[in-house]
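So the structure is just underneath, and the comments pick up after that.
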Amino acid sequence: MAHGICCHLLLQSLLYRSLEKTQKEIPLLSNRVLFIDVFEPHPRFPKIDPSVLKGIVKQKNLDRLGKYDGVKGLACGLETNLENGISGDSEDVSRRSEAFGSNTYQRPPAKSLWYFVWEAMRDPTILILLVCAALSLGFGIKEHGLKDGWYDGGSIFVAVFLVIAVSALSNFKQNRQFVKLSKVSNNIQVDAMRNGRRQQVSIFEIVVGDVVCLKIGDQVPADGLFIYGHSLLVDESSMTGESDHIEIDLTQNPFLFSGTKVADGFGRMLVTSVGMNTTWGEMMSTMSNDSNEETPLQSRLNTLTSSIGKVGLLIAFLVLVVLLIRYFTGNTQDENGNTEYNGSKTKADDIINSVVAIIAAAVTIVVVAIPEGLPLAVTLTLAYSMKRMMSDNAMVRKLSACETMGSATTICTDKTGTLTLNQMKVTKFWLGEDFVNENGSSSLAASVVELLHQGVGLNTTGSAYKSISGFEFTGSPTEKAILSWAVLELNLDMEGLKQSCEIVHVEAFNSTKKRSGILMRKKGENTTSVHWKGAAEMVLAMCSNYYDVSGNIKVLDDSERKNFDQIIQGMAASSLRCIAFAHKQVPEQENEEGKIHMEENCLTLLGLVGLKDPCRPGVKKAVEECQYAGVKVKMITGDNIFTARAIATECGILKPNQDMKSGAVVEGVEFRNYTPEERIEKVDKICVMARSSPFDKLLMVQCLRQKGHVVAVTGDGTNDAPALKEADIGLSMGIQGTEVAKESSDIVILDDNFGSVATVLRWGRCVYTNIQKFIQFQLTVNVAALVINFVAAVSAGEVPLSAVQLLWVNLIMDTLGALALATEKPTKDLMEKPPVGRTKPLITNIMWRNLLSQAAYQITVLLMLQFKGEAIFDVSSKVNDTMIFNVFVLCQVFNEFNARKLEKKNVFEGIHKSKLFLVIVGVTIVLQVVMVEFLKKFADTERLNWWQWGVCVGFSSVSWPIGWTVKWIPVPEKPFLSYLKLGNSKAV
């Protein structure tokens, strides 16, 4: 038969030509022109033209598909067995890749380093400095000649270019990191039939001819055609923008597009186009993978930077005005003590040079004021943390999630697979009111066993494959557990069952009904049977009879129903998931629309199974860790209230003596029926929500956010997508999670373990704290330098710290300081603090205390050196200026240790573990020695002797005892800035 189809296909390929190929014109004797399509098959697949294959799905061309004898004809041409798939060996896969291409997409070229250099050069501060450097260079050469006049301007140019290079390199590396992460996140595992076995294959290894199995939540990996399935609905919104789900069937719409999502049902597809030949591939080639995402914290820091910059501009303007007034009123003197401005006697060149020097001093203050290192610090912190989180089984998809997780106050978690291992096993089986032990299945009535075979083997999306080593089961953990039990305990023969029975209709499982059903018929018989499988209490409500061990049907009256309820509750209380099977023989009938009627009433209960899903090792400790950190953990599950309560108690979410009447445990329907006011009032008390629907989960997240909580949500199913999107942080599961869930989330937990969720929480807090450390450190530098230069400029008419020196401070402090503080690893004490939440300010009172005390000390010392240094230490003004510069830098080095611990008095705790921090401090000191001792002309410094170095180190080291002392000073809880706002409001 297959051979006949192939021959027929070859003949048709000669008759029907591709509309997409170049058409050759053959002129005839008349004015008519005959068009002949050119057929260009691949030599390895002579019956198939790749462009025709591509066009069938792309254009949804049923006529062209018909000319190929439908899906079976195409499969024959592609040498694919629709039941067993392709052979799947390396030779077969490479042959298909060569003929039809690989399932990879061309990306736009990655941004080069020069792109980021150009971006850095467009920064307003950099532009101001470049103009200043050009003016300084020009006037310097004019005044002192080329040999000596280029130092000041050239030094500023070199310093500016160093800042540009560091910024560009940092952003370039971050961009490459994102590209790598996107490759990992796009590497989806797909179920494909190869050599008769259902196996997981990387989406990049899917080839034309593959038979792919699809289920709810899967992403369609390539363009293809529907082979068979039931209730298959596809969300094509990624392609069309339409939110309506499209029904896929064999006759009207068998076309499946790459990148779309399976919304309901299940099925199999034949892959016809991959990679750039798919419709999605063409779209992807035009899309930019731009990862320069600005996080909320970066946005807040940019606002902070902007505010400080405005203050700096105001002060710089004041300095400019004061210095110009001092100069033009004759109150300034040159190096020889002569008055610089003598009215008309002063040369124009001298006036211009003096004014440029004054402008340069004002610009220097602007450079000091703008803490451009803050956004860079955030970038470094997030990039480093993302890399480390990958090794801790968490892949960050959105940068903002890192910092937001540090503020989380509530975690709403799934049960299955997250708190539990998701390794289901049938441990109990009840037939009627009798418990059947492991060896008791042989005593069951043959008629009941046959019905159980049908209910398990046909009403499933899983499969069983018999290999040499034993049986292999595929499907969801629940399906695998039930199939394994039926095959090994009840001797179910899947192949024989499928050959003797045919499925007439399927009702796929969904989270609302919590059950699935089939209508089946034994071949050669006229009667049909309906089989339902699902949550025990749901299925029990549909039954009016039940089978006993002997195969007799008994009436399910109120008394018996109570007994079954107790059996279900007993299993649930033992942390077992309870699944029921029900059956009914129905007359052959169809309604007017031709749809088959699925009986849902007066069924006969076949049996109950209890599936054990043990808690993950360490999950109780992880839950306790979150609770200790002040983060509430709430479990939201579809299981019944007894199972949910048992698991929650085992995991530590519920206390053993916690009363259900306290409102800690509710059912979804109960929560749904509360009034909005009741929900807001009671949502904080709820620890467990059982029998919940996706809408209930979404509702809870919305309520928690309304109350001001920062909410993290874990989820793995398609139905979790709305809640994952609504939450502040969506955490999807990397193993059991559907592609829809992953795309809706911010972070993917690669090992599906709640312990990794606790690790992400710790990392989030670490990111937030590291950024706070750097803010405190950076603002200390800025406040001190700003005040020193302002006071000195106004009082003495000169600035002690030159533009080059301040650029140097900015470079080593912003870059090396950021790297040192941004790479501090998470510590246990991070989980001892309450969560930050939404309302707490970024700069806390503790940070203000530390910052202002250090800045005050630095200002005092440096102003003392500025005005009295020459007399106290008997040094020249040049050496005194160098000492001021040296003390300023070394103060920052010592203060870097203080910044490691915002609250703890012992700043050296764990210093031996922070090797990178010690290396960076060492590099900073070495660079400063080189700057002072060897780069005299570049940095405008003088060499210092050992005694002068000792004085500089002595002054700087006082930072440590000051830091230790001020931490004894208590601070009010009310944010410092709120007093200013309160004062303003009163004034208004």
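Among LEU890, VAL929, TRP960, whose Cα sits farthest toward the positive end of the charge dipole of the stretch 886-960 (+1 at Cβ of Lys/Arg, -1 at Cβ of Asp/Glu, about the Cα centre)? My answer, from the dipole projection, is TRP960. Placing a pseudo-label 7 Å from each Cα along the Cα-to-Cβ vector at TRP947 and GLU472 gives an inter-label distance of 8.4 nm. Per-residue SASA remark: TRP960, around 80 Å² accessible (1.4 Å probe; ligands, DNA and RNA not included). Relative to the Cα centre, the charge distribution of the stretch 420-531, modelled as +1 at Lys and Arg Cβ and -1 at Asp and Glu Cβ, gives a dipole magnitude of about 340 debye.
How many percent of the alpha carbon pairs in the stretch 413-456 exceed a separation of 15 Å? Tail of the P(r) past 15 Å holds 59 percent of the pairs. Semi-axes of the equivalent ellipsoid of the stretch 483-624 are 30, 19, 16 Å, computed as sqrt(5λ) over the eigenvalues of the C-alpha gyration tensor in descending order.
Between ALA134 and PHE934, the contour length at 0.36 nm per residue exceeds the alpha carbon distance by 285.5 nm. Once the Cα-Cα distance is subtracted from the 0.36 nm per residue extended length, the GLN59 to GLU832 segment shows a gain of 272.3 nm. Normalised by the number of residues in the chain, the mean separation of alpha-carbon contacts (under 8 Å, six or more apart) gives a relative contact order of 11 percent. Seen from THR844, the other residues with C-beta closer than 12 Å to its C-beta sum to a net charge of +3, counting Lys and Arg as +1 and Asp and Glu as -1. Using only the C-alpha atoms, the convex hull of the stretch 548-655 corresponds to 167 Å³ per residue. For the chain, the mean residue ellipticity at 222 nm estimated from helices alone is -16000 deg cm²/dmol, where every DSSP H run of n ≥ 4 contributes -39500 (n - 2.57) and the total is divided by all residues, rounded to the nearest 500. With all pairs of different C-alpha atoms in the average, the Kirkwood value for the hydrodynamic radius of the stretch 648-746 is 14.1 Å.
Taking the longest Cα principal axis of the chain as reference, the axis of helix 619-628 is set at about 40 degrees. Cα extents for the stretch 815-890 along the principal axes, largest to smallest and rounded to whole angstrom: 54, 24, 18. Ranking SER744, PHE695, VAL683 by how far each Cα lies toward the positive end of the dipole of the stretch 674-747 (charges on Cβ) leaves VAL683 at the top. Set against the 2.2 N^0.38 Å expectation for a compact globular protein, the stretch 834-940 has a Cα radius of gyration ratio of 1.36. A Förster distance of 22 Å, applied to the separation of the beta-carbon atoms of ALA110 and ILE188, puts the FRET efficiency at 0.50. Projection of the Cα convex hull of the stretch 431-487, averaged over all directions and equal to a quarter of that hull's surface, yields 4.7 nm². Shown for the chain: the carbon plus sulfur share of the solvent-accessible area, taken with all protein chains present and a 1.4 angstrom probe, equals 57%. Taken over the alpha carbons of the stretch 898-950 as equal point scatterers, the Debye sum produces base-10 log I(q)/I(0) values at 0.16, 0.21, 0.27, 0.30 Å⁻¹ of -0.67, -0.82, -0.99, -1.11. I need the Debye-formula profile for the stretch 395-469: one equal scatterer per C-alpha, no solvent, reported as log10 I(q)/I(0) at q = 0.15, 0.25 1/Å, two decimals. Scattering profile of the stretch 395-469, log10 relative to I(0): -0.81, -1.27. Working note: Karplus 6.51/-1.76/1.60 with θ = phi - 60° gives the stretch 61-67 the couplings 8, 5, 4, 5, 5, x, 5 Hz, where Gly and Pro are set to x. Placing +1 on the Cβ of every Lys and Arg and -1 on the Cβ of every Asp and Glu, with no other charges, gives the chain a dipole of roughly 2000 debye about its Cα centre.
Note on the chain: dipole from Cβ charges, positive end direction compared against ALA622, GLY517, ASN563; the farthest Cα belongs to ALA622. Using the Cβ-Cβ distance between LYS974 and LEU918 with R0 set to 45 Å, the FRET efficiency from 1/(1 + (r/R0)^6) comes to roughly 0.75. Across the stretch 602-617, the residues whose backbone nitrogen lies under 13 Å from the label position 7 Å along the beta-carbon direction of SER544 are 602-605.
For LYS215, neighbours were defined as the other residues whose beta-carbon sits under 12 Å from its Cβ, and their charges (Lys and Arg +1, Asp and Glu -1) total -2.
Surface analysis of the chain yields an accessible area of 45 Å² per residue, using protein heavy atoms and a 1.4 Å probe. If the segment from GLU98 to VAL926 were pulled out straight at 0.36 nm per residue, it would be longer than the present Cα-Cα gap by 292.4 nm. ARG691 contributes an accessible area of around 40 Å² to the protein surface, as traced by a 1.4 Å probe with all chains present. If you wrap the Cα atoms of the chain in a convex hull and average its projected area over all directions, you get 58.2 nm².
In this Cβ point-charge picture (+1 for Lys and Arg, -1 for Asp and Glu), the stretch 842-923 has a dipole of about 420 debye about its Cα centre. Helix 348-369 axis versus longest C-alpha principal axis of the chain: approximately 40°, rounded to the nearest ten. How far is helix 2-15 tilted off the main Cα axis of the chain, in degrees rounded to 10, range 0 to 90? For 2-15 against the chain, the angle is about 60 degrees.
The values are calculated or read from the model by the stated rules, or taken from the named source; none is laboratory data. The structure displayed is predicted, hence computed values, not measured ones. Note that each Cβ is placed from the backbone with ideal geometry, even for glycine, and that neighbours are counted across all protein chains shown. What goes into the accessible areas is simple: the full protein's heavy atoms, side chains included, and nothing from ligands, DNA or RNA. Shrake-Rupley method; radii C 1.70, N 1.55, O 1.52, S 1.80 Å.
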